[in-house]
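Okay, structure first, notes after.
A short reminder: the numbers here are calculations on the coordinates, not readings from a lab. What you are looking at is a predicted structure, and each value in this text was computed from that prediction instead of being measured. Note: ideal-geometry Cβ built from the backbone for every residue, glycine included; neighbour counts use all protein chains shown.
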Amino acid sequence: MKSKTTRHGLKRMTALLLAVVLCVGMVPTAFAAQQDSYHDPAENWQEANNRTNELDANATVTHETFNCKVCKQQTSFIVFRTPEYTRDGQTAMSRNVKYSDGTFVDGSGKGSILDGVPGQDAYYTAYHWTKAVCETCGSINTNMAKTDYGYLKNVYWLYDCANNFFEELPETQTIEQADSEYHRVITTSGEYCGFCYGTFKEENSTLERHHMENAIRPELAHDRFVEMDTCADCGYAETSYTAAKAVIADYFGVVDGTFQMLSDEQIDCSILAAIGGAIKWIFAPLGWGNWQAVVASITGLVAKENIVGTLGILYGGGGADVYTAIADAFNGVQGYSFLIFNLLCAPCFAAIGAIRREMNNAKWTWFAIGYQCGFAYVIALIVNQIGAMFMGNGNIFGLIVAILLIAAIVYMLFRKNKYDNNTLTVTAKKAKSKATK
């Protein structure tokens, strides 16, 4: 008897569970189809020829289960929901209009729905237009009562977006530049209907000062530095340019034994001027014994293209007068001497490193560098001294030295190589092997 009662209890529990599952299955499944596709219809509104087509084009579409009066069964419907927007922001229901063709609630007459274009002249009313199409028989609005005006008609009817349908709109911020001191922070928040996505938005705007970040970058091609102050929030930027000449004078100057910032007129007191002035006498026989040219040649050891940038900085800072200043510092022969020396002397540091790696010997590396610099010095001296004689401003001692150097070069080219007659003889002897028993 006890076992029979237990079996009956299990049957009742199973039947109750099946009933609950069936009831849950009959609940509309709108949220499942919409929860990951929110968008504000007002921001993407599409206009059409007639009201029904326009509501169709902007509807949120879901699949839900209702009782079809034609099929006479629970079946799946395609449900269209579109937010109601009116020119006065009041729902058409307040004027007793329920249907999208303007028909009154009781279906007896017609009024105005005051429709417009969202975002231009129409506002969300917290209602949405709805229609449903049976996926089994294709009938429209057959989930309504047969006596309803919209039954079997291709029209929408109004439904209240109840408070429990609304969800919070995620807060967003946009920042717009206002002027050179402030930017505008616009905070957007609000709520939207979980069925039709009709949205109430709230915007708050505040002015905030720019949060400027400073950055300095070189523009070697223009011989200048660019200083940019950029707002980290809105991107507003202020740009100023400083000639590289001014930077050198400012940051590398010594006056009266004190390290300090210098003006353009004090550039001759800079550390670069002191270094170049101390060794310029070495290059005087080459015709360019001024500290600017000497410093340019030294910077050429870093990279040969630095010579151009250094000359531009020291003779005008990238201004239009740089060519005039260089022309005043060099004549034609001196210019050729300067070019020849810098083309033939030791290469840049990267190439010197490659020489050290290939030579694998510090002594021969220094010999290679010394030979290149010495050869460049000799050729530049010859060009300058002989060229100066043709221009009428040479000196006899310099000319004699140049002729002697030419003679030495010719001698080295045509002298007999003492190693020409030396031969290396290699004698090989065949080794005898003894057979072992």
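Sort 234, 348 so that the residue with the fewest other Cβ atoms within 10 Å of its own Cβ comes first and the one with the most comes last. Don't skip to the end; give the middle numbers.
Numbers: 234 19, 348 15.
Ranked by crowding around the Cβ, least crowded first: 348, 234.
Please list, ordered by chain and number, the residues whose modelled amide H lies under 5 Å from the amide H of residue 346; skip anything fewer than 5 residues away on the same chain.
Long-range HN contacts for residue 346: 373.
Cβ neighbours within 10 Å, averaged per peptide: list 354-362, 322-330 in order, most packed at the top.
322-330, 354-362
What are the ³J(HN,Hα) couplings of the stretch 72-80, residue after residue, when phi is run through the Karplus curve with 6.51, -1.76, 1.60 and θ = phi - 60°? Round to Hz, x for glycine and proline.
In residue order, the calculated couplings are 6, 6, 6, 8, 7, 10, 8, 10, 10 Hz.
Considering Cα pairs under 8 angstrom that are at least six residues apart, work out the relative contact order of the stretch 323-404 and quote it in whole percent.
With pairs under 8 Å counted, the relative contact order is 34 percent.
Taking 28 Å as the cut-off for C-alpha to C-alpha distance, list the pairs among 69/110; 72/131; 69/98; 110/201 that go past it.
Over 28 Å apart, Cα to Cα: 110/201.
Can you tell me the order of 267-277, 113-123, 376-386 when each peptide is scored by its average per-residue count of other Cβ atoms within 10 angstrom, highest first?
On the way: 267-277: 18.2, 113-123: 16.6, 376-386: 21.4.
The packing order, highest mean first, is 376-386, 267-277, 113-123.
In whole Hz and in residue order, list the ³J(HN,Hα) couplings for the stretch 275-288 that follow from phi through the Karplus curve 6.51 cos²θ - 1.76 cosθ + 1.60, θ = phi - 60°; x for Gly and Pro.
Here the 3J(HN,Hα) series is 5, x, x, 6, 10, 5, 4, 5, 9, 4, x, 8, x, 10 Hz.
Ordered by residue, what ³J(HN,Hα) values in Hz, to whole numbers, does the stretch 113-122 give under the Karplus form 6.51 cos²θ - 1.76 cosθ + 1.60, where θ = phi - 60° and Gly and Pro are x?
9, 6, 6, x, 9, x, x, 10, 9, 9
Averaging over all projection directions, find the projected area of the Cα convex hull of the stretch 153-201 and quote it in nm² with one decimal place.
Average of the hull's projected areas for the stretch 153-201 equals 5.2 nm².
Please name which of 127, 183, 107 has its Cα lying farthest along the dipole of the stretch 47-200 towards the positive end, using unit charges on Cβ (Lys, Arg +1; Asp, Glu -1) and the Cα centre as origin.
Final value for the positive-end residue is 107.
Compute the signed sum of charges (Lys and Arg +1, Asp and Glu -1) over the other residues within less than 15 Å, Cβ to Cβ, of residue 152.
Here the count lands on +3.
Please list, in chain and number order, the residues 5+ apart from residue 169 or on another chain whose amide H is under 5 Å from its amide H, with Hs placed from the backbone.
Excluding prolines and chain starts, which carry no amide H, the hits are 190, 191, 192.
So if I take the centroid of the Cα atoms in the stretch 86-102 and the same for the stretch 58-75, what is the distance between those two points in Å?
Here the two parts' Cα centres lie 25 Å apart.
In the structure shown, do any of 280/304; 304/363; 280/418; 304/418 have a Cα-Cα gap over 29 Å, and if so which?
280/418; 304/418
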